[in-house]
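S.K.: Following this message is one structure expressed as structure tokens.
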Amino acid sequence: MSRTSRTLRTLGSCIFTAAGLFYVLAPPNTTTSFFDTPAPAVMWGWVFAIGGLISLAGTITRIVHIERLGVLFVAVAAAMLTAGQTLVMFADPITWTRGGGTLVYLGGGLWALERWWRLGLDERAINEVADAR
């Protein structure tokens, strides 16, 4: 694994952790008003933050199994965020920024899901080598 790849994954994990903390500490007003509670934003915020921390730990220690678990958390949080924002988007008049932002969340979640899938291939290869010993 290249240093650039590892650096970018480390930064990405830190950013997902920070994003999660923002949702936990300052849930968005539109989401809170739509659901009449900040709970959904706080929930996906915790999942983002925990996923970012687990992914960061896996990246730093170079343990694929741990990184993969963290990336799964990030993909689940992205799905939660996308679902919530889709409901908000269709309840209020759709704007270009809300529609575009919702699609960005979906795209980011799909990228995380692809990373999770690819790490699974690496994980299986590692397990096969370990089992062969």
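S.K.: Based on this model, can you work out whether Met80 counts as modelled with pLDDT of 95 or more and of a type in the set (A, V, I, L, M)? Break it down into steps so the answer makes sense when it comes.
M.R.: On the way: modelled with pLDDT of 95 or more: yes; of a type in the set (A, V, I, L, M): yes.
Yes; evaluated as a whole, the condition is true for this residue.
S.K.: Just one of Ala83, Ala77, Ala130 is among the small types (Gly, Ala, Ser), part of a helix (DSSP H, G or I) and farther than 15 Å from Pro28 by Cβ; which is it?
M.R.: On the way: Ala83 fails: farther than 15 Å from Pro28 by Cβ; Ala77 fails: farther than 15 Å from Pro28 by Cβ.
Exactly one residue qualifies, and that residue is Ala130.
S.K.: Anything in region 13-44 that is surrounded by fewer than 20 Cβ atoms within 10 Å (Cβ to Cβ), more than 28 Å from Glu67 (Cβ to Cβ) and in contact (Cβ under 8 Å) with a residue 12 or more places away in the chain? List them, or say none.
M.R.: Pro28, Thr30, Phe34, Phe35
S.K.: Quick one: in region 79-100, which of the residues that are of a type in the set (Gly, Ala, Ser) and more than 15 Å from the chain's Cα centre (by Cα) is surrounded by the most Cβ atoms within 10 Å (Cβ to Cβ)?
M.R.: Initial filter on region 79-100 (of a type in the set (Gly, Ala, Ser)): 79, 83-84, 91, 99-100.
Keeping just the survivors that are more than 15 Å from the chain's Cα centre (by Cα) gives 91, 99-100.
Working: Ala91: 11, Gly99: 14, Gly100: 10.
My answer is Gly99.
S.K.: Let me ask something else about it. Any idea how many residues of region 1-12 are of a type in the set (A, V, I, L, M, F, W, C) and loosely packed, with under 12 Cβ neighbours inside 10 Å?
M.R.: Residues that pass the stated criteria total 1.
S.K.: Of the residues in region 1-50, how many are over 21 Å from Met89 (Cα atoms) and in a loop (DSSP other than H, G, I, E, B)?
M.R.: Of the residues in region 1-50, 2 are over 21 Å from Met89 (Cα atoms) and in a loop (DSSP other than H, G, I, E, B).
S.K.: With Ile60, Ile50 as the choices, which residue is within 10 Å of the chain's Cα centre (by Cα) and surrounded by fewer than 21 Cβ atoms within 10 Å (Cβ to Cβ)?
M.R.: Criteria check complete, one pass: Ile50.
S.K.: Output the qualifying pairs, or none if there are none: Cβ atoms under 7 angstrom, residues six or more apart or on different chains, first residue in region 89-103 and aliphatic (A, V, I, L, M), second residue at pLDDT below 90.
M.R.: Listed pairs, sorted by first residue: Met89/Arg98; Met89/Gly99.
The values are calculated or read from the model by the stated rules, or taken from the named source; none is laboratory data. Fair warning: this is a prediction, and the values are worked out from it, not measured in the lab. Positions of Cβ are generated from backbone atoms using ideal geometry, with glycine treated the same way; all protein chains shown enter the neighbour counts.
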